[in-house]
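J.: First the structure, which I've put down as structure tokens, then a few questions once you've had a look.
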Amino acid sequence: MNNELKANLELCGRTAVDFTGLYYAFLDNRRDEMGYFYLDNAKLTWNGICTYGRKAIEQKFLELPSSHHELKTLDALPMPASIVGNQLTTTILVGGIVQYPGQPMCPFNQVFLVTSENDKWKISSDLYRVKQPIN
């Protein structure tokens, strides 16, 4: 493995840990500030329902029930510069369990596409899915 690839992978790993630590702390405790994580033109797909734009995403989070997330798996991959216009971009894959009031704990998966904007990581695309058991 060459040194540049190794450095990119290490940066992705640190980014994933730092970013998700902040993201889920805000999601579970400071939901009214979730918009700060998203680009103005971001897309959120929450259990199959798409929301476009930072302002609409902020509103979507305010409509959701309170939650408590526990991460169980975390992975991150750098996006090749050639397909993202040389913009520093990382895909973050998360798996864990979520608890909503009065509901049993459920597994969930989330995939973020985050990009660097003014030295901060911002979400371009976010796909969240609670896994329901098959009966």
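J.: Any chance you could count the Lys pairs in the chain whose alpha carbons are under 27 Å apart, treating pairs 8 or more apart or on different chains as valid?
T.: So the count works out to 20.
J.: Continuing with this model, one more query. Label Asp32 and Gln103 with points 7 Å out from Cα along Cα→Cβ: what is the distance between them in nm?
T.: So the label points at Asp32 and Gln103 sit 2.3 nm apart.
J.: Calculate the FRET efficiency for Ala25 and Asn2 from the Cβ-Cβ distance with a Förster distance of 30 Å, rounded to the nearest 0.05.
T.: Efficiency, from the Cβ-Cβ distance: 0.30.
J.: Here are some values of percent of Cα pairs over 26 Å apart: [x] 23; [y] 18; [z] 74. Which one was computed from this structure?
T.: [x]
J.: Could you tell me the calculated FRET efficiency between Gln87 and Lys131, based on Cβ-Cβ distance and R0 = 35 angstrom, to the nearest 0.05?
T.: With a Förster radius of 35 Å, E is 0.65.
J.: Per residue, how much accessible area does the range 1-100 have with a 1.4 Å probe, in Å²?
T.: That works out to 57 Å² for each residue.
J.: Would you please give the residues with an amide H less than 5 Å from that of Phe108, counting only those at least 5 places away or on a separate chain, with H modeled from the backbone geometry?
T.: Gly96, Ile97, Val98, Lys131
J.: Ignoring any ligand, DNA or RNA, what whole percent of the accessible area of the chain comes from carbon and sulfur when the probe is 1.4 angstrom?
T.: In the chain, the share of accessible area belonging to carbon and sulfur is 54 percent.
J.: Right, another one. Can you give the relative contact order of the range 47-123 as a percent, counting alpha carbon pairs under 8 Å and 6+ residues apart?
T.: Rounded, it is 24 percent for the range 47-123.
J.: Helix 3-29 against the longest principal axis of the chain: what's the angle in degrees, Cα atoms only, rounded to the nearest 10?
T.: Its long axis makes an angle of about 20 degrees.
J.: Label Leu74 and Ile49 with points 7 Å out from Cα along Cα→Cβ: what is the distance between them in nm?
T.: In this crude spin-label approximation the distance works out to 2.9 nm.
The values are calculated or read from the model by the stated rules, or taken from the named source; none is laboratory data. Computed from a predicted model, the values in this text were never measured in an experiment. Backbone-built Cβ (ideal geometry, glycine too); neighbour counts: all protein chains shown. Calculation scope for accessible area: heavy atoms of the full protein, side chains included, ligands and nucleic acids excluded. Shrake-Rupley method; radii C 1.70, N 1.55, O 1.52, S 1.80 Å.
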